[in-house]
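Report on the structure given below.
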Amino acid sequence: MVSLKNLTYTELERFVLERGWQRYRAYQLAAWLYKHLPDSFDDFTNLPKGVRKWLGERFLLYSLEVVERQISTDGTQKFLFRTKDGNFVESVLIPDKDRLTLCISTQVGCRMGCRFCLTGNQGFKRNLSCAEIVDQILVVQKHIPERLTNIVIMGMGEPLDNYENTLKAISIITDPRCIALSYRKVTLSTVGLIPQLERLLAQGPKVTLSVSLNAPNPSKRAEIMPVERGYPIKRVISLLSRYCKRWRKPPTFEYVLLRGFNDSLEDAAELADLLKGIRCKINLIPFNPWEGSSFERPLEEDVLAFQEYLIERNFSVFVRKSRGRDILAACGQLRWKYQR
Ligand code: SAH
Ligand code: SF4
């Protein structure tokens, strides 16, 4: 069975009109699918009974099922979902002061093979459908009383490697008739696949962008991120500076600090040179270890020295708190091979 959540609002409208129904039915359907979080098509009470039955026989209401929910000592929660074809994906819920952020996945696994990332080391299985991306949000929202305020597309997978489905999902997340979050509350993190990134940027601000930089120079980056060989970071940076000049929210660069590899003050100096003159924010992420990883977490004092150096060079720099490490829910600790 297929899901109506694979359709953007415009496509949903076309679907409705093609059936000879009135246009406002699309509005009603979207409200049920994305706002009221019903349990079955029988709940769609403002639709005729026959229509409800017809929909129920043909379409899936939720494409994911929660199989495990873990709660960290710091309040972070990890949801493990099973897809209809028996794959597993994870989302992470991060409460923080006045924000409630959900980190969602776009692929089962990832093809980018970054050496420090558990998902990347497990290989690639398949892309998630648009419905599977969106359902992570809806199913989690069904399980919690508070409203989600932010979405970060930073879970498993490289979102721009699943371009069509990810962009459709973003359209549903930000459409006022669907999930209705402002695009400023939706962040997409990418390694910078240049053709897709350019396509995305050319459309104007659809999301807040975050680019995974992770190394102070191209040759070090190539050692830990194979993607550097095809899509050099310097080209990614010039693309961003060309397009994002007038964006309300400048892009972020993420930098995973790996002890003894890219966490020295010389590395910080090189990084500052690489990003000189670029309007951006820098997020430092101390490496989160996983079983079998060949890197180590940096020392706290090195992280602070790294940050201070960059602040002195006039960058706005934040250290990402690694939330949910005890339940393997922190950045780079998500996995799709599920063992009990
Ligand atoms: N594929 C996208 C989004 C998912 S990864 C991307 O790479 O941007 C999200 C972030 O987690 C990236 O910035 C990545 O560099 C970081 N990350 C991956 N593994 C990590 C680890 N073990 N510890 C800390 N951060 C990690
Ligand atoms: Fe994929 Fe991102 Fe992990 Fe790299 S860091 S392997 S792109 S999920």
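Things worth noting here:
A quick yes/no check of all residues on (1) out of contact with any Ser or Thr (no Cβ under 9 Å at 6 or more places or on another chain); (2) β-branched (Val, Ile, Thr):
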{"position": "Thr187", "(1), (2)": "no, yes"}
{"position": "Ala202", "(1), (2)": "yes, no"}
{"position": "Ala215", "(1), (2)": "yes, no"}
{"position": "Ala272", "(1), (2)": "yes, no"}
{"position": "Phe287", "(1), (2)": "no, no"}
{"position": "Ser293", "(1), (2)": "yes, no"}
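- Only one entry of Phe44, Phe88, Phe79 meets the criterion of being within 16 Å of ligand 2 (Cβ to nearest atom) and not hydroxyl-bearing (Ser, Thr, Tyr), and that entry is Phe88.
- Among the helices (runs of 4 or more DSSP H) confined to the stretch 189-267, there are none with at least 2 residues that are within 14 Å of ligand 1 (Cβ to nearest atom), under 19 Å from Pro286 (Cα atoms) and modelled with pLDDT under 95.
- Checking Pro226, Pro205, Pro216 one by one, the residue that is more than 22 Å from the chain's Cα centre (by Cα) and touching a residue at least 40 places away in the same chain (Cβ under 8 Å) is Pro216 and no other.
- Scanning the stretch 94-147 for residues that are of a type in the set (Asp, Glu) and farther than 19 Å from Ile170 by Cα gives Asp96, Asp98, Glu146.
- Here the strands (runs of 3 or more DSSP E) wholly within the stretch 96-181 that include at least 1 residues being modelled with pLDDT of 95 or more and crowded, with 23+ Cβ neighbours inside 10 Å are 99-103, 107-109, 150-153.
- In the set Gly157, Gly123, Gly109, only one residue is more than 16 Å from the chain's Cα centre (by Cα) and within 16 Å of ligand 2 (Cβ to nearest atom); that residue is Gly123.
- Matching entry among Phe261, Phe287 (being surrounded by 15 or more Cβ atoms within 10 Å (Cβ to Cβ) and in contact with a strand residue (DSSP E or B) (Cβ under 9 Å, 6 or more places away or on another chain)): Phe287
- Hey, Pro289 in the same structural domain as Val256 (by TED's automatic domain parsing), within 16 Å of ligand 2 (Cβ to nearest atom) and without any contact (Cβ under 8 Å) to a residue 60 or more places away in the chain or not: yes
- So Leu128, is it out of contact with any strand residue (DSSP E or B) (no Cβ under 8 Å at 6 or more places or on another chain), aliphatic (A, V, I, L, M) and away from ligand 2 (no atom under 12 Å from the Cβ): no
- For the stretch 142-168, a residue qualifies if it is free of Cβ contacts under 8 Å to residues at least 60 places away in the same chain and among the hydrophobic types (A, V, I, L, M, F, W, C), and the qualifying residues are Ile144, Leu148, Ile151, Val152, Ile153, Leu160, Leu167.
- Those residues of the stretch 170-191 which are of a type outside the set (Lys, Arg), away from ligand 2 (no atom under 16 Å from the Cβ) and free of Cβ contacts under 8 Å to residues at least 40 places away in the same chain, in sequence order: Ile170, Ile173, Thr174, Pro176, Leu181, Ser182, Tyr183, Val186
The values are calculated or read from the model by the stated rules, or taken from the named source; none is laboratory data. The structure presented is a predicted model; accordingly, all values stated were derived computationally and were not measured. In this analysis, Cβ positions are derived from the backbone assuming ideal geometry, glycine residues included, and neighbour counts consider all displayed protein chains.
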